[in-house]
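Comments concern the structure below.
The values are calculated or read from the model by the stated rules, or taken from the named source; none is laboratory data. Since the model is a prediction, treat every value here as computed from it, not as a measurement. Cβ atoms come from the backbone with ideal geometry, glycine included; neighbour counts cover every protein chain shown.
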Amino acid sequence: MSVELVEQWSNAAALREVREFFFAARATIDARVNKERPLCIASGACCNFEQHGHRLYVSGLEAAFTLLRLDACHGITLDARAIDASVTRGDCPFLVRGFCGAHAERPLGCRIYFCDERARVWQNELYETTHAGVQALHDTLAIPYRYMEWRAALAMLRSIEVA
């Protein structure tokens with residue numbers, strides 16, 4: 001775990017180019033979701049990783065951007081204990097009583113993934129295209145790229161900030 005790496009992601013997360021990229025990616029995803037109209041019954045199943053056998057992966061920069069936005073725009077902070085508890089439960093640390101407590105700032109993968117079987121036809125392609133943009137953003141900014149499980153990325157960011 002590198003303090004320098006976390007600092008690079010955290011500093012880059014505040015850049016205008018990063019904000020513009022993620023906002024544009026969100027708009028692209030929203031347009032596709034609105035076109036495809038997948039069914040979401042707001043069950044929270046997508047946030048119960050262990051129970052439903054899936055994982056959420058993000059880049060270090062995306063995790064840093066998400067945390068920055070949650071804190072700066074919504075006053076939502078996350079500590080290491082909350083992350084550890086979510087790992088023990090097998091869910092997302094932002095899952096609150098079955099609903100996403102970070103909905104407005106949720107990662108790109110959360111915006112794309114739906115339990116609706118019909119969504120599988122288009123969501124993988126949309127994710128791959130979107131994530132290629134995330135990788136290109138890392139390259140453009142000349143910052144290291146790491147693809148990590150969501151809670152591990154959050155834990156890494158929070159452990160360095162506290163140290």
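Residue-wise test of (1) modelled with pLDDT of 95 or more; (2) over 20 Å from R26 (Cα atoms).
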| residue | (1), (2) |
| --- | --- |
| R81 | no, yes |
| G90 | no, yes |
| R97 | no, yes |
| G101 | no, no |
| G109 | no, no |
| I112 | no, no |
| N124 | no, no |
| R146 | yes, yes |
| R158 | no, yes |
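Restricting the stretch 78-93 to residues that are of a type outside the set (K, R) and surrounded by fewer than 18 Cβ atoms within 10 Å (Cβ to Cβ), the residue that is nearest to H52 (Cα to Cα) is G90. T77 meets each of the listed conditions (1) assigned to a helix (DSSP H, G or I); (2) more than 18 Å from E125 (Cα to Cα) apart from (1).
How many of the residues in the stretch 1-16 are among the charged types (D, E, K, R) and either under 17 Å from the mean Cα position of the chain (by Cα) or surrounded by 11 or more Cβ atoms within 10 Å (Cβ to Cβ) (or both)? Break it down stepwise before answering.
Looking only at the stretch 1-16, we keep the residues that are among the charged types (D, E, K, R), and these are 4, 7, 16.
Still in the list and also either under 17 Å from the mean Cα position of the chain (by Cα) or surrounded by 11 or more Cβ atoms within 10 Å (Cβ to Cβ) (or both): 7.
Adding up the residues that qualify gives 1.
Give F23, F65, F49 a once-over and let me know the one that is of a type in the set (F, W, Y), over 30 Å from A142 (Cβ atoms) and under 16 Å from the mean Cα position of the chain (by Cα).
Working: F23 fails: over 30 Å from A142 (Cβ atoms); F65 fails: over 30 Å from A142 (Cβ atoms).
On inspection, the qualifying residue turns out to be F49.
Within the stretch 47-62, if we keep just the residues that are among the hydrophobic types (A, V, I, L, M, F, W, C) and not in a helix (DSSP H, G or I), the residue that is nearest to G98 (Cα to Cα) turns out to be L56.
Please enumerate the residues belonging to the stretch 29-46 that are in contact (Cβ under 8 Å) with a residue 60 or more places away in the chain, part of a helix (DSSP H, G or I) and either surrounded by fewer than 16 Cβ atoms within 10 Å (Cβ to Cβ) or among the hydrophobic types (A, V, I, L, M, F, W, C) (or both). Passing the criteria: I29, D30, V33, E36, A45, C46. Would you tally the residues in the stretch 94-129 being surrounded by 15 or more Cβ atoms within 10 Å (Cβ to Cβ), aromatic (F, W, Y) and within 19 Å of T66 (Cα to Cα)? Summing the residues that are surrounded by 15 or more Cβ atoms within 10 Å (Cβ to Cβ), aromatic (F, W, Y) and within 19 Å of T66 (Cα to Cα) in the stretch 94-129 gives 3.
Within the set of pairs 6+ apart or on separate chains, which have a first residue in the stretch 81-96 that is among the small types (G, A, S), a second that is surrounded by 14 or more Cβ atoms within 10 Å (Cβ to Cβ) and assigned to a helix (DSSP H, G or I), and C-beta atoms under 8 Å apart? From the stretch 81-96, the pairs are S86/R151; G90/F49. Pairs meeting the criteria (first residue in the stretch 1-16 and within 11 Å of I143 (Cβ to Cβ), second residue part of a helix (DSSP H, G or I) and of a type in the set (K, R), beta carbons under 9 Å, at least 6 apart or on different chains) are A13/R19; A13/R69.
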